[in-house]
1. Return a yes/no flag: does the stretch 147-157 have any residue that is under 22 Å from Ser223 (Cα atoms) and either of a type in the set (Gly, Ala, Ser) or touching a residue at least 24 places away in the same chain (Cβ under 8 Å) (or both).
2. If I ask for residues that are more than 10 Å from the chain's Cα centre (by Cα), closer than 20 Å to Phe205 by Cβ and part of a strand (DSSP E or B), which ones from the stretch 134-151 would you list?
3. Being under 30 Å from Gly226 (Cβ atoms) and open to solvent by 70 Å² or more (accessible area, probe 1.4 Å) is the filter here, so list the residues in the stretch 153-167 that pass it.
4. When only residues in the stretch 97-152 that are of a type in the set (Phe, Trp, Tyr) and surrounded by fewer than 20 Cβ atoms within 10 Å (Cβ to Cβ) count, which is nearest to Lys67 (Cα to Cα)?
5. Within the stretch 25-110, which helices (runs of 4 or more DSSP H) (wholly inside it) include 3 or more residues that are free of Cβ contacts under 8 Å to residues at least 40 places away in the same chain and in contact with a helix residue (DSSP H, G or I) (Cβ under 9 Å, 6 or more places away or on another chain)?
6. Does Asn170 satisfy the criteria of being open to solvent by 40 Å² or more (accessible area, probe 1.4 Å) and free of Cβ contacts under 8 Å to residues at least 24 places away in the same chain?
Amino acid sequence: MNIINKIKEFFTPNNELDLKQENKSKMTSAISTWLDMYQGKASRLSGADGIYSAGIEQTLTRSLKNKILSEATVEVTGDSDKANLLQETVNSLMHNLNNSLELGLVTGGLIIKPYIKSESIGIDFVSQGKYIPFAFDDDGNLTDVGFVSQLKKGKRIYTKIERHTLEDNNYLITNKAYRDDKEIPLNEIEEWANIDEEMRLNSTFNLYGIYRVPLANTVDINSPMGISFYEPAKQLIELADKQLSR
């Protein structure tokens, strides 16, 4: 299976990508359902039947997020330029974590990926459902992942996959561009022309951090992916919506 077909299998119309696939995996379907619930758009809701969302999912998510962040402190020790730069990065991370953590709790996971920008360090927050887990090791640790971005030019959609693969102490980053199903050179797109196609580094660990909601995966017991923290309460939330609607 080529990489673009893997993307089509994984992503749903709820994501920024417009890549449709009728046969979605259990986890892909579940992530779509959780996002609908979070946005008050669950399929079980019906104005015609008088069943409305009471916003329970948003309230629960924001309450848990606030509790987590209010008790979280991160400090870099030292008085060097490197320590100061890292402290500035951590401060920015904590400031911007607010909304991203909500989506991580809703979708079951979140990747925090640093990158170099000018003379500082930027941080990308990628919630589960917006990255592609290609492979895990025997302990369930992610070892091969794709980060997807898209551009629309005219009627064409261009897709770029930044893939991070860890094997022993070999860390490989590849960037590939696609127009529809066909791979194209990166320099064909102005915004991606200066991106390296391949980079190899010596590393025994991933160059990103990953958070999973610490619950057993009851959606797909064979998957090491995380689940939404309100997945176990879906039926109770539905009953509460119905009762409040009455």
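1. yes
2. Phe134, Ala135, Phe136, Leu142, Thr143, Asp144, Val145, Gly146
3. Glu167
4. Among residues in the stretch 97-152 that are of a type in the set (Phe, Trp, Tyr) and surrounded by fewer than 20 Cβ atoms within 10 Å (Cβ to Cβ), the one nearest to Lys67 (Cα to Cα) is Phe125.
5. By residue number, 56-70, 81-107.
6. Spelling it out, it is not the case that Asn170 is open to solvent by 40 Å² or more (accessible area, probe 1.4 Å) and free of Cβ contacts under 8 Å to residues at least 24 places away in the same chain.
The values are calculated or read from the model by the stated rules, or taken from the named source; none is laboratory data. Nothing here was measured: the structure is a model prediction, and the numbers come from that model. Note that each Cβ is placed from the backbone with ideal geometry, even for glycine, and that neighbours are counted across all protein chains shown. Accessible surface is based on the protein model in full, side chains and every heavy atom, while ligands, DNA and RNA are left aside. Shrake-Rupley method; radii C 1.70, N 1.55, O 1.52, S 1.80 Å.
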